[in-house]
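Chemist: Could you have a look at this structure, given as structure tokens, before my questions?
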Amino acid sequence: MNGTFRALRVSETANGVEQAIVERSIDDLPAGDVLIRVSHSSVNYKDALSASGNKAVTRQYPHTPGIDAAGVVESSSEPSIRVGEEVLVMGYDLGMNTSGGFSQYVRVPASWVIRKPARLSLENAMVFGTAGFTAAMCVDTLLQVGISPDQGPVLVTGATGGVGIVAVWLLHNQGFEVVAATGKSGQEELLKAVGADSVISRATLLENANRPMNRPVWAAAVDTVGGDVLGNILKSIRYGGSVACCGMVAGHEFTTSVFPFILRGVNLLGVDSVELPLDVKQDIWNMLGDKWTFDDFADFKQRTVKLISLDELPAALADVLQGTHCGRYVVKLG
Ligand SMILES: NC(=O)c1ccc[n+]([C@@H]2O[C@H](COP(=O)([O-])OP(=O)(O)OC[C@H]3O[C@@H](n4cnc5c(N)ncnc54)[C@H](OP(=O)(O)O)[C@@H]3O)[C@@H](O)[C@H]2O)c1
């Protein structure tokens with residue numbers, strides 16, 4: 001390589017936050033053990049926050065967001081990570097305050113590097129990305145506490161979003177009855193095509209919010225939105241059921257009482273994909289790249305993924321920030 005490459009750069013200016021595709025140099029990257037030539041990244045909600053100047057995600061600008069990167073090792077000071085190896089990086093500080101995956105190169109600590117599962121291409125790994133990985137964690141968390149298809153329907157909120165749509169597909173493929181909740185009236189056909197048995201409006205999840213408890217409906221839920229929705233879902237979980245909580249697009253605070261927990265033994269299970277130990281991340285990626293790459297993966301990808309270039313990224317980031325997108329954007333950099 002000639003030492004320069006292309007990247008998205010987000011800057012604070014007198015006119016507000018600006019995004020531009022710029023030329024950067026390898027020397028501009030932070031110090032690290034492993035230099036990776038990035039072939040693909042993906043767009044997550046956190047990227048949209050970072051790219052819009054959200055200081056809770058990124059403290060200092062100019063900055064290159066991108067919490068996901070899939071690519072090939074260009075150089076490595078860690079002997080176990082070989083030049084030419086295909087690898088993934090997600091979470092930790094990538095794309096937050098460390099120059100991220102919306103760039104043709106990243107340099108990261110060896111302790112962040114995940115071996116790409118053999119059966120997943122770099123592009124298909126980014127079909128999942130952090131969003132799909134988090135959906136897998138949510139489903140795995142529910143399975144680990146004993147939730148099974150015979151216990152009743154599982155609710156997925158924010159169902160057309162990145163985490164939500166992968167959760168719908170994963171649950172369906174494991175035999176669950178899946179109820180998808182969405183704020184988008186025109187997406188019932190898509191959600192049913194990827195595995196939802198039925199689709200409900202986001203607004204119904206806020207009904208009877210003043211009651212201490214509601215009729216027990218859901219065996220479990222994957223909640224990607226948080227806020228008042230989460231507070232109300234807890235009141236509708238069946239006896240002994242569980243909610244995997246991973247997101248906050250509807251708000252980071254919610255109100256609840258002890259009733260769901262002490263009257264129905266409901267479990268509220270937190271899911272974090274960012275600081276998870278590397279060996280656990282690797283195990284979940286291996287599962288996604290093997291027995292959880294179900295036979296209809298190609299159909300799921302075709303329906304839910306838009307492959308975009310670096311130049312198309314600013315529009316995609318705006319779409320995700322506004323919550324108007326469906327499914328996943330995969331960014332081709334190589
Ligand atoms: N814990 C972790 O490790 C982890 C990892 C990844 C993501 N997350 C979090 O999980 C959440 C979802 O991430 P994502 O990448 O899937 O985001 P996303 O693609 O933007 O999807 C979010 C979805 O939520 C729904 N939504 C949007 N605004 C809403 C509102 N005001 N109230 C209720 N629902 C709303 C929309 O779906 P509908 O129109 O279909 O309702 C939207 O598509 C984010 O908060 C993200 O930060 C956490």
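Derivation of every value follows stated rules applied to the coordinates shown; laboratory data play no part. What you see is a predicted model; the values in this text were computed from it and never measured. Using ideal geometry, Cβ is built from the backbone for each residue, glycine included, and neighbour counts are taken over all protein chains shown.
Chemist: What are the residues in the stretch 173-195 that are crowded, with 24+ Cβ neighbours inside 10 Å, more than 12 Å from the ligand (Cβ to nearest atom) and not in a loop (DSSP other than H, G, I, E, B), if any?
Modeler: Val178, the sole residue that qualifies.
Chemist: Restricting to the stretch 93-122, give me the number of residues that are touching a Leu at 6+ places or on another chain (Cβ under 9 Å), part of a loop (DSSP other than H, G, I, E, B) and not polar (S, T, N, Q).
Modeler: Qualifying residue count for the region: 7.
Chemist: Mind telling me which of the residues Pro65, Pro79 ends up being assigned to a loop (DSSP other than H, G, I, E, B) and closer than 18 Å to Ala20 by Cβ?
Modeler: Details: Pro79 fails: closer than 18 Å to Ala20 by Cβ.
Criteria check complete, one pass: Pro65.
Chemist: Just one of (1) closer than 30 Å to Gly161 by Cβ; (2) part of a loop (DSSP other than H, G, I, E, B) trips up Gly32, so point out which.
Modeler: Going through the list (1) closer than 30 Å to Gly161 by Cβ; (2) part of a loop (DSSP other than H, G, I, E, B), Gly32 breaks only (1).
Chemist: Within the stretch 242-282, count every residue that is of a type in the set (A, V, I, L, M, F, W, C), farther than 29 Å from Leu88 by Cα and touching a helix residue (DSSP H, G or I) at 6+ places or on another chain (Cβ under 6 Å). Give the steps one after another, and end with the answer.
Modeler: Pass one, the stretch 242-282, residues of a type in the set (A, V, I, L, M, F, W, C): 243-246, 248-250, 254, 258-259, 261-263, 266, 268-269, 271, 274, 276, 278, 280.
Filter once more, so that each one left must be farther than 29 Å from Leu88 by Cα: 250, 254, 258-259, 261-263, 266, 268.
Narrowing further to those that are touching a helix residue (DSSP H, G or I) at 6+ places or on another chain (Cβ under 6 Å): 250, 254, 266.
The total comes to 3.
Chemist: On to the next question. Quick one: in the stretch 44-92, of everything that is out of contact with any strand residue (DSSP E or B) (no Cβ under 9 Å at 6 or more places or on another chain) and within 20 Å of Gln104 (Cα to Cα), which residue is farthest from the ligand (Cβ to nearest atom)?
Modeler: It comes out as Ala48.
Chemist: Of all residues in the stretch 124-134, which are in contact with a helix residue (DSSP H, G or I) (Cβ under 7 Å, 6 or more places away or on another chain), more than 8 Å from the ligand (Cβ to nearest atom) and of a type in the set (A, V, I, L, M, F, W, C)?
Modeler: Val127, Phe128
Chemist: Taking the stretch 215-239 as the search range and keeping residues that are free of Cβ contacts under 8 Å to residues at least 40 places away in the same chain and outside any helix (DSSP H, G or I), which one is farthest from Ile200 (Cα to Cα)?
Modeler: Of everything passing the filter in the stretch 215-239, Tyr239 is farthest from Ile200 (Cα to Cα).
Chemist: Now for a separate question. Would you mind finding the one in Ala125, Ala70, Ala48, Ala131 that is outside any helix (DSSP H, G or I) and under 16 Å from Arg328 (Cα atoms)? Step through it out loud before you land on a result.
Modeler: On the way: Ala125 fails: outside any helix (DSSP H, G or I); Ala48 fails: outside any helix (DSSP H, G or I); Ala131 fails: outside any helix (DSSP H, G or I).
Result: Ala70 is the single residue among Ala125, Ala70, Ala48, Ala131 that is outside any helix (DSSP H, G or I) and under 16 Å from Arg328 (Cα atoms).
Chemist: While we're here: Take the residues of the stretch 262-298 that are over 19 Å from Thr141 (Cβ atoms) and part of a helix (DSSP H, G or I): which is nearest to the chain's Cα centre (by Cα)?
Modeler: If we take residues in the stretch 262-298 being over 19 Å from Thr141 (Cβ atoms) and part of a helix (DSSP H, G or I), then Phe297 is nearest to the chain's Cα centre (by Cα).
Chemist: So, in the stretch 223-246, exactly how many residues are of a type outside the set (A, V, I, L, M) and closer than 17 Å to Phe133 by Cα?
Modeler: Selection size over the stretch 223-246: 4.
Chemist: Could you check the stretch 97-129 and list, in sequence order, the residues that are closer than 18 Å to Lys301 by Cα, among the β-branched types (Val, Ile, Thr) and surrounded by fewer than 24 Cβ atoms within 10 Å (Cβ to Cβ)?
Modeler: The first filter runs over the stretch 97-129 and keeps only residues closer than 18 Å to Lys301 by Cα, leaving 117, 119-129.
Adding the requirement that they be among the β-branched types (Val, Ile, Thr) leaves 127.
Once the filter is applied, which keeps residues that are closer than 18 Å to Lys301 by Cα, among the β-branched types (Val, Ile, Thr) and surrounded by fewer than 24 Cβ atoms within 10 Å (Cβ to Cβ), the stretch 97-129 yields nothing.
Chemist: Now for a separate question. Determine which member of the set Arg328, Arg303 is over 27 Å from Ala7 (Cα atoms) and either surrounded by 15 or more Cβ atoms within 10 Å (Cβ to Cβ) or among the small types (Gly, Ala, Ser) (or both).
Modeler: Working: Arg328 fails: over 27 Å from Ala7 (Cα atoms).
After applying the criteria, what remains is Arg303.
Chemist: Continuing with this model, one more query. Listed residues Val305, Val243, Val249, Val280; which is under 20 Å from Gly101 (Cα atoms) and within 14 Å of the ligand (Cβ to nearest atom)? Full working, then the answer.
Modeler: On the way: Val243 fails: under 20 Å from Gly101 (Cα atoms); Val249 fails: under 20 Å from Gly101 (Cα atoms); Val280 fails: under 20 Å from Gly101 (Cα atoms).
Exactly one residue qualifies, and that residue is Val305.
Chemist: Turning to a different aspect of this structure: Regarding the stretch 145-165, can at least one residue be identified that is surrounded by fewer than 22 Cβ atoms within 10 Å (Cβ to Cβ) and within 13 Å of the ligand (Cβ to nearest atom)?
Modeler: Among the residues of the stretch 145-165, not one is surrounded by fewer than 22 Cβ atoms within 10 Å (Cβ to Cβ) and within 13 Å of the ligand (Cβ to nearest atom), which makes the answer no.
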